[in-house]
Each structure stands twice: as C-alpha cells, then as structure tokens.
Amino acid sequence: MQSGAIYTLGMLGAWVWFWQQSDGFWGHLWALVEGVFWPAFMVYQGFSALY
C-alpha cells in the first residue's frame, strides 16, 4: 500500500517536470505518457545497479 503512494508521488513529480519541459499539444500528451512510465524505469534502473 505504501509503495503505491511513493509511485504516485514519483508519477506526479514526473508529470510536473515533463509538462514544464514540453511544448505544444503533442509534447504535453507525450509528457503524460512519460510521467506514467518514468518512475517504473527509474526503479528498474536502480535495482539493475544493485545487481
């Protein structure tokens, strides 16, 4: 349950970051997609570095 809250905070933070960096309709749409997958990618990379 707590990991869902942490993932949600990561996703919201990614949305804010990518939204500010994007330009135009397609850029903002892509920012929403990136915000969903970016936290999962970062967790995967973190665990890969530990292995």
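The values are calculated or read from the model by the stated rules, or taken from the named source; none is laboratory data. Remember, predicted model here, so these are calculated numbers, not experimental data. Because the Cβ atoms are built from the backbone with ideal geometry, glycine has one as well, and the counts that use them run over all protein chains shown. Surface accessibility is based on the protein's heavy atoms, side chains included, excluding ligands, DNA and RNA. Shrake-Rupley method; radii C 1.70, N 1.55, O 1.52, S 1.80 Å.
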Problem - Packing rank of 35-43, 21-29, where each peptide gets the mean count of other beta carbons within 10 Å, highest leading - result: 35-43, 21-29
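Can you give me the % of accessible surface on the chain that is carbon or sulfur? Probe 1.4 Å, all protein chains present, nothing else counted.
C and S fraction of accessible area: 74 percent.
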Exercise for the section: Find, to one decimal place in angstroms, the Kirkwood hydrodynamic radius of the chain, where the mean of 1/r is taken over every pair of different Cα atoms and then inverted. Expected result: 11.5 Å
Practice task
With θ set to phi - 60°, apply the Karplus curve 6.51 cos²θ - 1.76 cosθ + 1.60 along region 32-40 and write out the HN-Hα couplings as whole Hz, x wherever there is a Gly or Pro.
Solution key: 5, 5, 4, x, 6, 8, 4, x, 5
